[in-house]
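Before any comments, here is the structure.
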Amino acid sequence: MTQIANRFFEMYRRHSVENDEGTPLRKRPGVRSFYSALAVSNTGTEISSVAIPLVAIQYLALPDSWVAAIGAAEAIALMCAALPLGLAVDRFNRRTLVIISNIGGAIAILSIPFLAYFGALNFWGLLAAALAVKVLGALFDLASRPIIPRIVPEHQLDSANGVYGSVRSTSEVSGAGIGGILFSHLGVFSGFLVNALSFVVSAVLLARLPKRPFSPTTSNKGEDSRSDPHREGRKRLLASLHEAVRGFSVVRSNVRLARLFGASVTSNMFSVVLGITEIIFLIRVVQVPAWSVGLFMGVPAIGGIIGGLLNGMIVRAVGNIRILLVSQFILSSPILLLPLAGPGVQAFWYIIAWFFYSVSSVIYGAAVGSLIQRLVPDDLRGRVGAASMWINSVCVSLSTIAGTALLAASDLRTLVIIGAVGVYASAFWLLHPAFFVRDLTNSENILRQ
């Protein structure tokens, strides 16, 4: 697993952007360690995301409603923890936070086989471990991306964020494959041991990052006055709450960020609708054999890998702002072909639709990440990311409920049409002059806009 990121840099070699000293992205101090840690950690997380439900179903023999309750509790925990975690990311050393999240994740995930060994594992123990892993994973996600501008120069942000997306997509494929082998040959609990090991390896790799400041730089000197230790407890609490939700005001203050968030939330909501129907659509409409369902569902991950690898080259061709329009209006347009999928050769439309949608999603995500890193002050990036995580988790939860209700009340293909059209329509949030310029040429402090 530790070689995943290294292979990416070899594939990406010809497209690396060099700085004035001629140092390509892959040779920058800390870059290999960072992406290797990301690959290892995410691969382990993918394994546990499958292993936890399997333990609930096979080992504990829990009813379906209790298994579903674990997923619902994870969503609620994420909504409750996202904003405080974002504030923590903007207050403490990010390198330390990602190491802590990995070590904490290893301890939480090891508690499951430990309790099972002593015959003490029950629903509540599994739920506690699942919640801890979910919250610590969110901390890792929020703290890891702001590290990128600290290890690469600004002109390489687009390439670096593209590799970030590719590594995550690769982890989805490798995690599912490794998990399947482990579960079938060594049992479901072996997945937890490998997951814990991956977290420890990731923490060791992150500890090897260059000894440079990874604490947020303060952009608003007046901000510290709100945290005056001599304030009364109630005022101090209100000040902390105000700071925790500040990411929302940052997003509202900038037209690009506001519209990007609108596009992302809309796309994610309708993507959930497509996700609810995906397996049913494949089996009942496309009529693929059961053994090939996993192969079809792996198409998006392959598209994501390719999208991340091509991201830097495409950005250089069209610009770091116009890439948003290209990814949403052009590269994602084949998603509209998804309702045409059917038996036989018509299954080709399914592959084309999801492949290009995944390519566009990774390129779009990399472009958004680069834009936030260029626009938002360092000590606000965690809270902006947390605001996005919070609002997406709320809207996706509501979309899941609505999609389930629609699935019971409408035709399957009709629901796929609704999802595909909704996903593509999210691009219309970007029809604004702010997105018609080629590049964001200078780093702009959003507080000065």
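The values are calculated or read from the model by the stated rules, or taken from the named source; none is laboratory data. Quick caveat: nothing in here was measured; it's all calculated off a predicted structure. Cβ: placed from backbone, ideal geometry, glycine included. Neighbour counts: every protein chain shown. Protein only, heavy atoms only, side chains kept; ligands, DNA and RNA dropped before computing areas. Shrake-Rupley method; radii C 1.70, N 1.55, O 1.52, S 1.80 Å.
If you rank Cys395, Cys80 by how much accessible surface each has, with a 1.4 Å probe, what is the order from largest down?
Cys80, Cys395
Separation between the Leu407 and Ala258 pseudo-spin-labels, each 7 Å from Cα along Cα→Cβ, expressed in nm? Each label point lies 7 Å from its Cα, and together they span 3.6 nm. Shown is the FRET efficiency for Lys27 and Ser65, computed with R0 = 35 Å from the Cβ-Cβ distance and rounded to the nearest 0.05: 0.10. So how far apart, in nm, are the two label points at His155 and Leu115 if each is 7 Å from Cα heading toward Cβ? For His155 paired with Leu115, the spin-label model returns 5.3 nm.
Given the Cα-Cα distance of Met313 and Val204 and 0.36 nm per residue of separation, how much length would full extension add, in nm? Each step should come with its number before you reach the end.
On the way: separation 109, 0.36 × 109 = 39.24 nm, distance 3.19 nm.
Computed gain between Met313 and Val204 is 36.1 nm.
Only sites in a loop by DSSP and with at most 15 other Cβ atoms within 10 Å count here; which trypsin sites (Lys or Arg not before Pro) in segment 344-449 make the cut? If you can, show how the numbers build up before the last one.
Values: sites: Arg374, Arg381, Arg383, Arg413, Arg438, Arg448; in loops: Arg438.
Listed in order of number, the matching sites are Arg438.
Using a probe of 1.4 Å, the accessible surface attributed to Thr404 totals some 80 Å² when neighbouring protein chains are kept in position. The distance linking segment 124-198 with segment 66-122 is 13 Å (Cα centroid to Cα centroid, whole angstrom).
Label-to-label distance for Phe436 and Val245 is 3.6 nm, based on points extended 7 Å past Cα in the beta-carbon direction.
Ligands, DNA and RNA left out, the accessible area of segment 300-449 computed with a 1.4 Å probe is 74% carbon and sulfur.
In this Cβ point-charge picture (+1 for Lys and Arg, -1 for Asp and Glu), segment 314-424 has a dipole of about 240 debye about its Cα centre.
Met297 sits with roughly 70 Å² accessible to a 1.4 Å probe, with DNA, RNA and ligands left out of the calculation. Under 20 Å from a label point set 7 Å out along the Cα-to-Cβ vector of Leu295, the amide N atoms of segment 343-361 belong to 343-356. Over segment 33-170, accessible surface divided per residue gives 36 Å², non-protein components excluded, 1.4 Å probe.
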